Each structure stands twice: as structure tokens, then as C-alpha cells.
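Just below is one structure, and these are the notes that go with it.
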Amino acid sequence: MAETCEESLMEMYKSFKPEIAGNLCATYFFDISGSNGGKWFLCIKDGKCELSKDNASSPSVTISISDQDWLSIQKGKLNSQMAFMMGKLRVAGDMGLAMKLQSMFPGPV
């Protein structure tokens, strides 16, 4: 089980299901605040996924959350939909793409 946000994003990245992504072309920007946070980009294109800290111009979806809440979601202690409803998880951009994350990256996202 991941102990840091970066480790959890790496685990998420490794669980990528290209058959579900199909020909999707999207960039997800994770803006995670806190001492264990950071900024990461998941770029999906042509059935491939790339995780980086490089700045991507105009992401399709921006996900903002604290490091503690992100790790709670990843450990199954906090439901992502509840976090969204409580204002702990903020999503900007294409909501349909945001909702597709869970199917492309199986796990507690």
C-alpha cells in the first residue's frame, strides 16, 4: 500500500487499462496540496498512459485535493464521491472524463 501521494499515483498509473481508454486523448492534472503533495499529470493518448511532473498545457481535467484526503481515498478510508460532495475533492474541466478515471484505473480512486 502506498505511503505517499507519488507512490499512490505510480500504483494508479501501473493499473491503467488501455482497453477501456480506447482512443481517448486526455490529460488529468492532479494538484495535491500539503507537505506530501505535488503536481502530477496523467496523459492518455492512443491507448497509452504517461505519468509525469512536466507541465501540460491546458489539462482536460484538474483534480484538487489535500494529501491526507488523497491518501485516505487510495487506502479506501474515504469514498471519492463523498469527498467530492463534502468539498474535499474539487474537479474542474470535463466531468465525464473525471468519472471515467475509475474504470481506466481500477482501485479506490
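Read-outs: derived from the displayed coordinates by stated rules, not from any lab. No experiment lies behind these values; they were computed from the predicted model shown. Using ideal geometry, Cβ is built from the backbone for each residue, glycine included, and neighbour counts are taken over all protein chains shown.
What whole-number value in cubic angstrom gives the convex hull volume per residue for the C-alpha atoms of the chain? Please report the intermediate quantities before stating the final value.
Values: hull volume 9.7 nm³, N = 109.
Per residue, the Cα convex hull of the chain comes to 89 Å³.
Based on the mean of other beta carbon atoms within 10 Å per residue, what is the order of 93-100, 81-88, most packed first?
Numbers: 93-100: 15.1, 81-88: 12.8.
The most tightly packed comes first, giving 93-100, 81-88.
Can you say what percent of the DSSP beta bridges in the chain, counting only those with both residues inside, are antiparallel? Round to 5.
Counting DSSP beta bridges with both partners in the chain, the antiparallel share is about 75 percent.
Relative contact order for the range 5-96: what percent, with Cα pairs under 8 Å and sequence separation of 6 or more? Write down the numbers at each step before the final one.
On the way: 152 pairs, mean separation 24.4, N = 92.
Rounded, it is 26 percent for the range 5-96.
Using per-residue counts of other Cβ atoms within 10 Å, averaged over each peptide, order 23-30, 10-17 from highest down.
23-30, 10-17
If amide hydrogens are placed 1.01 Å from N in the peptide plane, which non-local residues have theirs closer than 5 Å to the one on LEU78?
Hits under the 5 Å cutoff: ILE73.
R0 = 30 Å: FRET efficiency of LYS17 with ASN79, Cβ-based, nearest 0.05?
The computed FRET efficiency comes out at 0.90.
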